[in-house]
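Taken together, the values in this text are just the output of simple stated rules run on the coordinates, not laboratory data. The structure presented is a predicted model; accordingly, all values stated were derived computationally and were not measured. So basically every Cβ, Gly included, is an ideal-geometry build from the backbone, and we count neighbours across all protein chains shown.
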């Protein structure tokens, strides 16, 4: 039983016991004193009885108010065989009957009042359930969309940077919402749906809100997962309700975030989801049926376009797809400037340098860097954020949080120092590797005991075979340096080996960079466009013999780079030992410091500087 059901049962039990207690207290407040029949007879003779009710065994009665200082007093007594009782009652003009009227009202009230209380509490609970965050059971078929009116949306297009191409594509949507007659007068129509595609954190939701804010129209925001419920038919009802609300408030924008939660291809995978497919069918019907001239624009965002249903992507539904990609260097600088507006920056801060250090980062990561830099400045009791705060913030985002309290033994520090210097020496000695920014043996992140920070100086969209081989060589540099100095490897190279193996597998199976297997793609797993994940495959498209050849090619690629790195580090072993000793003393070394040590060592070894 889920938590909500258990909570409802406890509500019922508590209310039931409260009603029982109320009834008992009410009955107790109307307490009747039991008196002997002789006392009752004497009260009757003294003309103190107001009324009585006579049953077969009991006589209930009430004394006159003046007898008890203005308060009525109830009593009861055992009925005896007294033939003169009725005559005495008539002489004293005492009202008598089978049931006293006051007693009847008391008995009725003792049951009616608790029932009314019970009904009131239950009605209150039902209303609270209906007003809950999810709409409750009474509103289960209604849309959960958050409605932002035009005056509530403060985001404008000027608040969005780094996605200039996407902004240009969406200008038409803003113009249509502002002046629809501009398009309809010559028979044109605006796209019914616009799908924003891009990696996480690139500003798809922010861009959608900026469109609504710029156009000055209501904004319906809902997540794709909020349509899907355990009850069959609820998601479809919510889709209908959402479009009905939107038509009433047109012109407006409907924004569906994480569309892949709702619009995944029907029939894909080993298991089907009946409720999700019904909800998707209803969305397809609604998008195909409404008139585009009413002014309802549907925006949706996803980072998994490859798994969306084909019917959802066809012309007439989401007939325009806009890529919201990671920003380039000027775009990153523009994003940093927007997030730095409200931060007290030192005059010497260069956001251009930070933009150069953050290749491949999305807008959300850049905003986090500015915030982390501000927090570091506050922690150091400074009034402004300095350049070193932002550079350290980049390191925190790339490599993780620094852990100065983790104490390594002298042997471990020595091994980590040689490991990291091995990475850096290989990166500085071969062509195609990213420049070394910093080397450290201060533990960072979850499991990193040290790190070598390489930051590319320019944006790259393609990698050649030699550049991929260079990446493998740099990853192997740490392990091979350990083997050369200590005679054996350690577990510290586990992550490096995993990354190197993954690159080699992609070269063989995806990129056709194998001389033996040729220019073919052998991986039938669906690669997510913007995520480093793959959809699970249900069987391979190659034979066991081909699989064996793939394994052999992966091993050959890695072994070839391992041989190259071993030869290189053997020639540079004096530099390796000297740099490791210096790193153990200072804990941190820059790439320029290591290059200065390398220049003499390379000349002695007869090597050329990369």
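Please order 423, 339 by the number of other Cβ within 10 Å, starting at the fewest. Please report the intermediate quantities before stating the final value.
Details: 423 26, 339 18.
Ordered by Cβ neighbours within 10 Å, fewest first: 339, 423.
With the radius of gyration and the Kirkwood radius both derived from the Cα set of region 267-421, what is their ratio Rg to Rh? Show your work: numbers first, answer last.
Details: Rg = 24.0 Å, Rh = 20.3 Å.
Radius of gyration relative to Kirkwood radius: 1.18.
Size of region 410-605 along its principal axes in angstrom, Cα-based, largest extent first?
Principal-axis extents of region 410-605 (Cα, largest first): 54, 35, 35 Å.
How large, in Å, is region 334-452 by the Kirkwood hydrodynamic radius built from its alpha-carbon pairs? Intermediate values should be presented prior to the final figure.
Numbers: mean 1/r = 0.0635 Å⁻¹.
Result for region 334-452 stands at 15.8 Å.
So what is log10(I(q)/I(0)) for region 146-323 at q = 0.17 1/Å, when the Debye sum runs over its Cα atoms only?
Evaluating at q = 0.17 Å⁻¹ gives log10 I(q)/I(0) of -1.07.
For residue 566 and residue 397, what does the FRET efficiency come to when R0 = 35 Å and r is the distance between their Cβ atoms, rounded to the nearest 0.05?
0.55
As an exercise, find the ratio Rg/Rh for region 329-399 from alpha-carbon atoms, using the Kirkwood inverse-distance average for Rh. Please list the in-between numbers first.
Numbers: Rg = 10.8 Å, Rh = 11.7 Å.
In region 329-399, Rg relative to Rh is 0.92.
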